[in-house]
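Report on one structure; see the data block that follows.
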Amino acid sequence: MTDHPDRPGDDDAGLAAADSLRLIREQQDRARAALGPDGRALYGVWGVAWLAGYLVLWSSAQGREQPEAWAYWVFAGALAAAVVFTMVHTMSRTSGTRGVSARTGAMYGWAWMLGFLTFSAFLGGLARAGADGELMGLVSNGGACLVVGLLYLGGAVAFDDRSLFVLGAWILLVAAAATLAGLPLTYLVMAFAGGGGFLVMAAVEHLRIVRRRRRRRRADAEVGRG
């Protein structure tokens with residue numbers, strides 16, 4: 001038998017198929033980015049809430065055993081706003097999907113509300129049991145970190161997002177460090193390590209998106225020239 005040389009159109013067909021597969025993958029990536037939560041928004045909101053809220057608590061606690069009552073209300077309002085934003089943003093970004101994706105977004109959004117409602121009831125039980133102010137302060141701050149860290153780890157699994165996993169692990173470490181630091185230093189740890197960590201992740205996520213867009217533009221330009 002004699003070998004038959006490749007026909008002239010075989011290479012072109014292979015290149016066309018490769019370009020088609022690449023375009024399909026890019027369209028899938030764009031769809032996931034459009035319908036998934038925007039990490040920049042979520043990280044930024046929580047970063048501002050923690051940085052501002054905990055700095056208010058720390059400044060109010062200077063020269064006192066505990067922060068003043070108004071500082072707790074400011075902090076609680078900042079956290080509540082961040083929780084509501086997370087729920088609304090996650091549900092709205094996944095509302096255009098159907099099936100498993102829609103259920104995942106809805107369940108993850110409600111998990112934030114359920115987590116903090118349960119944690120609030122837990123703190124109320126401790127207060128009624130006679131827990132002192134220092135214990136309540138340490139548990140409330142470390143526990144908030146624990147809830148947020150675990151929710152981000154769950155979100156990393158739900159949305160297949162490594163950056164969420166890294167942030168969740170970091171927040172859990174912050175919870176441990178802040179509790180060991182003791183009051184009032186715990187507020188500074190939470191403000192700069194916790195809130196600062198969120199803001200750093202927001203910047204990292206923005207740079208990732210910028211690089212991804214540049215690669216897409218270059219790929220589109222190559223396809224156009226081809």
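Summary of values
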{"item": "Members of the range 182-206 found to be closer than 10 Å to residue 141 by Cβ and of a type in the set (Gly, Ala, Ser), listed by number", "result": "194"}
{"item": "Selection from the range 129-174 of residues that are over 24 Å from residue 56 (Cβ atoms), of a type in the set (Val, Ile, Thr) and touching a Leu at 6+ places or on another chain (Cβ under 9 Å)", "result": "157"}
{"item": "Residues of the range 59-77 satisfying the condition of being free of Cβ contacts under 8 Å to residues at least 40 places away in the same chain, among the small types (Gly, Ala, Ser), within 19 Å of residue 138 (Cβ to Cβ) and surrounded by 12 or more Cβ atoms within 10 Å (Cβ to Cβ)", "result": "59, 60, 71, 76"}
{"item": "Within the range 83-197, helices (runs of 4 or more DSSP H) holding 3 or more residues that are buried (at least 18 other Cβ atoms within 10 Å of the Cβ)", "result": "100-128, 133-159, 162-181"}
{"item": "Tabulated pairs, the range 120-137, first touching a residue at least 60 places away in the same chain (Cβ under 8 Å), second polar (S, T, N, Q) and in a helix (DSSP H, G or I), C-beta under 8 angstrom, 6+ apart or interchain", "result": "137/186"}
{"item": "Within the range 74-93, tally of residues that are aliphatic (A, V, I, L, M) and more than 17 Å from residue 147 (Cβ to Cβ)", "result": "3"}
{"item": "Near pairs, Cβ below 7 angstrom, 6+ apart or cross-chain, from the range 164-189 (on the phi > 0 side of the Ramachandran plot) to any residue that is of a type outside the set (Asp, Glu) and modelled with pLDDT of 90 or more", "result": "none"}
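Here's the yes/no breakdown for (1) within 14 Å of the chain's Cα centre (by Cα); (2) modelled with pLDDT of 70 or more; (3) of a type in the set (A, V, I, L, M, F, W, C):
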site	(1), (2), (3)
23	no, no, yes
26	no, no, no
30	no, no, no
38	yes, yes, no
44	yes, yes, no
62	no, yes, no
68	no, yes, no
76	no, yes, yes
98	no, no, no
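The values are calculated or read from the model by the stated rules, or taken from the named source; none is laboratory data. Owing to the predicted nature of the structure, the values given are computational and were not obtained by experimental measurement. Using ideal geometry, Cβ is built from the backbone for each residue, glycine included, and neighbour counts are taken over all protein chains shown.
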